[in-house]
Structure formats: C-alpha cells, structure tokens
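For reference, the structure is listed below as structure tokens.
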Amino acid sequence: MAVHPGIVAADQAPEKPLPESLTPAEFNRAVAELRRAIGDEWVFTDDEGDLRTYRDVYSTLPDEANMPSAAVAPRSVEEIQAILKIARSYQIPLWTVSTGKNYAYGGPAPRKPGFFVLDLNRMKRIIEVNEEHGYAVVEPGVSYFELYNYLQRRGSKLWIDPAAPGWGSVLGNLLEHGAGYTPYGDHLLMNCGMQVVLADGTVVETGMGALSGSATSSLYKYGCGPWVEGMFTQSNFGIVTKVGIWLMPEPPGYRPYLVTFPREEDLYQITEIVGPLRLNMLIPNAATTVGLIWEAAPNATRKQYYRGKGPMPMRHRRKMAQDLDIGMWNFYGALYGPEPIMDNNWKVLEEAFRSIPGAKFFFEGDRPNDPAWRYRVKLMKGVPNMTEFSLMNWVGSGAHIDFSPRSPVTGEDSMKQFTLIRDRANEYGFDYIGEFLVGWRELLNIFQLIFDRLDEDERRRAHECFGHLVNDFAEQGYGEYRTHLNFMDEIAGTYNWNDGALWKLHHRLKQALDPVGILSPGKSGIWPASKS
Amino acid sequence: MLLLAGCGNDDTTGTGEQADGHADTQVTYLDGKALFELYCIACHGAGPGHPGTMRLEERMSADQAPLLDRDNLPPDYVKLVVREGFKLMPPFRPSEIDDAQLDLLTDYITGDNH
C-alpha cells in the first residue's frame with residue numbers, strides 16, 4: 001500500500017485533530033476506503049501539503065481553528081453516494097463546499113478542526129442552457145467566470161448575475177442567499193429546481209423535476225405540494241448537486257449611472273429617495289450606495305493617504321474623495337430597456353437625486369480610466385470580474401470578514417446602522433468600509449471588516465469587534481443574513497423568538513434527515529443531536 | 001485546447017454541445033493559456049482594476065507588476081504561491097488546479113510564449 005502523507009500512526013496520539021468519532025486507526029481505514037471509492041488523487045490528507053489549501057486564510061482565528069483532517073473531491077453524484085456510505089459507517093462529519101470561494105464567510109474551510117471537507121469543485125457540468133426560455137442548469141463547481149465564458153463562446157444573448165468576485169460558484173452563492181447587481185440580483189429568487197442528495201444517499205429532484213420526464217423543471221418553481229428548496233439553503237439537510245437558475249435576456253438598452261454625495265449624513269436622504277424608487281421598480285437592479293473607502297479602494301491604498309494608526313481621520317478622507325472625484329457616498333444604478341423607457345425613467349430619477357445638495361452625476365464615458373466605475377458597469381450587466389478584491393489591498397496583507405445585517409429601507413435605519421458600525425469599528429481601530437444595497441423591500445448593509453491577516457493583534461481586535469457588532473445589532477432588532485463559520489452559533493442565537501422555536505424546528509428536521517449527523521455539522525448553528 | 005473528459009459523448013470540438021441539445025462543460029483544461037485566463041488574469045492582468053497587479057505595483061516597477069511581464073519568476077515560486085497563497089491571494093486547491101495543470105500554468109507564466 002502506498003504511504004500517504006497525513007495518515008496518522010495508529011498506535012499513538014494523532015498529530016492533527018480528527019473527528020471525535022474516529023480513532024487514528026479508523027481514520028486510516030476510512031481514508032483508505034475513500035481512496036478506493038473515488039480515486040487516490042482526490043483524497044487529501046497531507047497537512048503540510050495539499051490539505052493546507054483548505055484553510056481559511058481570511059479568518060480572524062488561527063488556521064488551526066478550522067483545519068480539516070482530510071478532504072475529498074468527487075466528480076459525480078455516484079461518487080458522493082459512495083462517500084456518504086463510508087461517512088455514515090464511520091460517522092465522519094463532511095463539510096460541503098462548492099468552489100470554496102466563500103471568503104469572508106469561511107472559504108473552503110470547515111466549521112470545526114478535524115472535519116472532512118466534501119469539495120464539489122470538480123463537478124463542473126453546465127447541464128443545460130436554454131436560450132429561448134432563459135435559464136441554465138449547473139453543477140456546484142461551475143463558477144461565474146465559467147458560465148459567462150460558456151455563454152459568450154456560444155454567442156448567447158443571456159446575461160448571468162455574478163456576485164462581485166467572479167470566481168464564486170453559481171450554485172454555492174445561490175445556496176448562501178447571495179446577491180448580484182443586475183435586475184436578477186436575488187439569486188435564490190431566480191432558482192428553479194434543485195437536485196439534492198440526502199444523507200442516506202437518496203437523490204431527490206424538487207419542484208416540477210419530481211415529475212418523470214418533466215419539461216418544466218426549470219420553468220415553474222413550485223411543483224405540487226410543499227416547496228422545499230429553501231430548506232436546502234444555508235443548511236445541512238442535504239447536498240445540493242444541481243440547480244436551475246433563471247438568466248436575464250439581454251435588454252435592448254443599458255445605461256449605467258453614478259451619483260456622488262459629499263456628506264456622510266446624506267445617507268439618510270439617499271435611502272429615503274431610493275426606497276420608493278426601488279419598490280416601484282424605477283430602479284430595477286440592486287440599488288447600491290457605496291461608502292467612500294470601498295469606492296476608493298480600486299484606485300488607492302490607505303497608506304497613500306494616511307500612515308497613522310486607527311481609523312483614517314476625516315480630513316484625510318476628504319482629501320481622498322477630492323482627489324478621486326468621489327463622494328462620501330456613491331450611488332450606482334442602471335437603466336435597462338428600450339430608449340424611450342430609459343429616457344422617461346431617468347427624468348424621475350434625476351429630479352429625485354438632484355434634491356440632495358452637492359449631488360454629482362456621471363454616465364458612460366465620464367470616467368474612462370476609473371476601475372471602480374468600470375467594474376460596477378460590468379457587474380450591473382452581468383460581466384464577472386475580480387476588481388472588488390482591490391479592497392484587500394487597503395491594508396498590507398488584507399483579509400476580511402463581512403458583517404451583513406438587514407433593516408427596513410428608511411433613512412433613520414440606514415443612519416442608525418451606519419453610525420453603530422462605524423463607531424464600533426473605529427473603537428477597535430478599523431475604518432468603516434461598507435455599502436448599502438436595497439434588495440427590494442429591505443436594506444442590506446455589508447460591512448467589510450478589513451484587517452491585516454499577518455498582524456496577530458489586528459486579527460484579535462477584528463474578532464472581538466465582530467462579536468460586539470452581533471450583540472449591538474441584536475439589541476436593536478437587526479439580524480444578519482449570513483455569517484462566518486466562527487460566528488454561526490452566535491447569529492443563530494439571535495433568532496430566538498418563542499424560546500428559539502425556529503432553530504428547534506431546524507434541529508428536528510436535522511434529526512429526521514440526517515440522524516447520524518454527518519452533513520456539515522454546525523452549519524448555520526444547526527447541530528446533530530449528538531452535538532447539540 | 002480544451003479536451004472533454006467524462007462527458008459520455010464523442011464531441012471533440014471543445015464546445016460540449018451534446019446531441020440532445022444539452023450543454024456539458026465538464027472539461028479538463030490542458031492548456032496553460034486557458035488556465036491563466038480562467039484563474040489568474042482577473043487579478044493579474046495588465047492595467048487598473050486588477051487587484052494582484054495593483055498589489056505588486058507597490059513593490060516593483062509598474063512594467064513588472066502584471067504577471068506575464070515578469071522576467072524573474074522561478075517556476076517553483078509560482079507553484080508555491082498558487083498552493084500557499086500570498087498576501088491577499090488565497091491558495092488554490094488541487095481540485096481547482098491539479099498538479100498537471102499547475103505544471104502547464106507555470107510553464108505558461110514563466111515562459112516566453114505569451
């Protein structure tokens with residue numbers, strides 16, 4: 001038998017954490033069975049080599065807090081079933097990832113040290129693209145780049161809706177309730193049909209897909225009977241191996257715009273204006289109000305404007321805003337459709353935004369050399385890119401975790417959220433780096449807590465700051481929609497109405513669907529009964 | 001060149017179009033340029049808007065910041081950075097870029113054929 005790095009000595013204490021259910025000898029046997037099931041080269045155990053690529057390099061905690069003991073990368077549903085059989089037999093916790101690029105929320109790393117990662121990145125089939133009806137059916141490993149390239153090669157007139165980093169998984173982002181910037185920006189809303197492998201190996205097609213020979217699996221969402229797709233998002237009740245995703249037909253016209261605003265307090269009025277315009281669809285895409293530093297980052301780094309410690313003082317921020325010709329807030333939107341419709345809608349929008357003193361307007365051609373403008377223009381028409389990662393250059397070896405609360409779309413709520421986060425971030429020595437998106441009826445504030453990952457003190461402060469923010473916002477009745485691995489229990493604990501009835505329901509479902517408790521234990525604060 | 005792998009059809013065009021009209025891109029990239037364009041260029045291309053290039057401009061001359069313009073990259077160093085990550089760049093797993101692909105990618109980045 002070949003000797004593999006990372007196999008542990010059966011007769012002595014292992015050098016790495018293993019799942020609680022496994023002795024070293026059982027670990028070795030399980031790994032050997034997995035190698036036979038899916039091939040030697042797709043089982044990773046070498047802590048000094050390939051397995052290191054599964055760590056969350058953006059975590060606020062040391063790597064060891066989320067290091068797996070092994071990773072397996074199947075290529076098919078059949079291989080997943082074979083892995084599940086072994087996992088059930090040995091009670092191995094399998095932490096599922098798609099492309100593994102969910103950075104800021106954990107990347108490819110598992111919830112607890114010793115878990116096995118079930119890495120679905122090799123499942124890369126684009127199973128169907130339907131140009132006439134506007135949808136695609138994809139597997140977990142298909143990234144936004146890959147789907148976009150595929151459509152472009154074929155001359156498709158369908159748009160995708162990428163998250164800001166284009167390397168993300170179409171399926172994975174949808175399952176995490178992610179968002180994009182075209183009118184199809186609510187990714188879960190655009191899902192139609194799933195294939196799910198349950199813990200016992202059963203394969204389920206949802207919705208109309210449950211009908212043998214169905215022609216409407218990707219056309220009508222609800223099928224007949226209970227609608228279950230949501231249950232498999234941000235959860236650990238099954239492994240989603242295929243999704244249908246609706247794609248937007250290219251509109252006859254596209255007109256992006258940027259409006260900048262000079263004062264921090266302008267956020268109140270911006271939100272008051274944007275709310276009804278978004279609700280009434282005059283702004284048809286995710287309306288995004290971007291804070292100063294977020295907007296500046298593709299063009300500048302912090303030390304170009306401030307070399308001191310702590311948050312960048314206002315006079316330095318004003319200088320940066322002036323140099324880059326941007327605002328304290330920067331609203332991005334786009335018009336879509338025939339020219340007369342865009343012309344008429346713009347009259348309403350322009351009049352509304354002009355009511356804020358100092359508002360400046362920019363259109364196509366006004367900022368040809370500004371990468372911040374250019375990447376927003378791409379995102380709002382579904383062209384994937386990585387420019388937003390420039391934010392990681394803001395400090396030396398930048399890393400981030402994201403704090404993402406939602407509130408009603410009111411000026412008062414936006415200012416309350418902004419000042420709460422800004423003041424808490426500043427207290428811990430961090431800059432406020434955020435943006436506000438109006439999904440439809442709710443305001444999403446994404447705060448990127450950016451820290452130098454090679455600075456132990458910054459990592460510690462970032463971790464503490466984040467924990468405080470969870471409590472601050474829960475006290476105000478705001479909830480986060482998604483969070484990093486290491487804060488999942490804390491966030492779940494804030495959803496506590498009626499003695500935590502909803503999470504009790506989640507746990508009953510978990511027990512029913514995965515009684516051995518092998519699928520992503522701890523995801524969203526949902527644990528198997530044995531670990532509750 | 002894109003080669004289909006495991007598609008269960010005889011398509012050799014690389015488009016993945018199957019006879020029943022279903023698309024299938026379960027492809028194996030066996031070309032350094034294709035790999036670079038899928039995995040690297042969005043961060044390491046030339047000009048503004050590329051975070052990796054922006055970062056490298058801080059510590060070297062602007063004409064050496066885009067990866068393909070570098071003339072001092074040892075192949076082993078490229079492989080190390082891909083697997084370990086560097087500064088803001090996270091590691092890439094073998095399930096994304098396997099060892100054979102990493103060889104091709106490295107040859108492309110460090111070679112003159114681009």
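Note on A:139-148: average number of Cβ atoms from other chains within 10 Å of each residue's Cβ is 2. For chymotrypsin sites (Phe, Trp or Tyr not before Pro), the sites in segment A:164-251 that DSSP calls loop and that have at most 15 other Cβ atoms within 10 Å are A:TYR220, A:TYR222, A:TRP227. A:TYR103 sits among other residues whose Cβ lies under 10 Å from its own Cβ, and their net charge, with Lys and Arg +1 and Asp and Glu -1, is -1. Distance between the C-alpha centres of segment A:347-402 and segment A:466-532: 34 Å, rounded to the whole angstrom. Once the Cα atoms are used to define both axes, helix A:339-354 deviates from the longest principal axis of chain A by about 70 degrees. Judged by the ratio a/c of the largest to the smallest principal axis of the C-alpha gyration tensor, the protein assembly as shown counts as rounded, that ratio being less than 1.5. The slack in the chain from A:ARG460 to A:GLU20, taken as 0.36 nm per residue of separation less the alpha-carbon distance, amounts to 155.6 nm.
Take every pair of alpha-carbon atoms less than 8 Å apart whose residues are at least six positions apart; their mean separation over the length of segment A:419-532 yields a relative contact order of 16 percent.
Helix A:266-279 versus the longest principal axis of chain A: what angle, 0 to 90°, nearest 10, using Cα atoms? The two axes meet at around 70 degrees. The tail of the calculated P(r) for segment A:146-262, taken as Cα-Cα distances beyond 26 Å, holds 27 percent of the pairs.
Here the sum of -39500 (n - 2.57) over DSSP H runs of 4 or more residues, divided by the residues of chain A, equals -9500 deg cm²/dmol at 222 nm, to the nearest 500. Could you give the nm distance between label points at A:LEU61 and B:ASP107, where each point is 7 Å from its Cα heading toward the beta carbon? The modelled label-to-label distance comes out at 4.3 nm. For segment A:378-437, the fraction of alpha-carbon pairs lying more than 16 Å apart is 58 percent, rounded to a whole number. Among the GluC sites (Glu not before Pro) within segment A:255-351, those in coil by DSSP and having at most 16 neighbouring Cβ atoms inside 10 Å are A:GLU265. Of the trypsin sites (Lys or Arg not before Pro) found in segment B:58-113, the ones in coil according to DSSP and having at most 13 other Cβ atoms within 10 Å of their Cβ are B:ARG59.
For A:GLN511 and A:ALA215, the difference between the fully extended length at 0.36 nm per residue and the C-alpha to C-alpha distance is 103.2 nm. Close amide H pairs (under 5 Å, H built 1.01 Å from N) link A:GLY337 with A:GLY253, A:TYR254, residues at least 5 positions away or on another chain. When only Cα pairs below 8 angstrom with a gap of at least 6 residues are kept, chain A shows a relative contact order of 15 percent.
None of the figures in this text is laboratory data; all of them are computed from the coordinates on show. All figures in this text were calculated on a predicted structure; none of them were measured in a lab. A quick note on method: Cβ atoms are made from the backbone with ideal geometry, for glycine too, and the neighbour counts reach across all protein chains shown.
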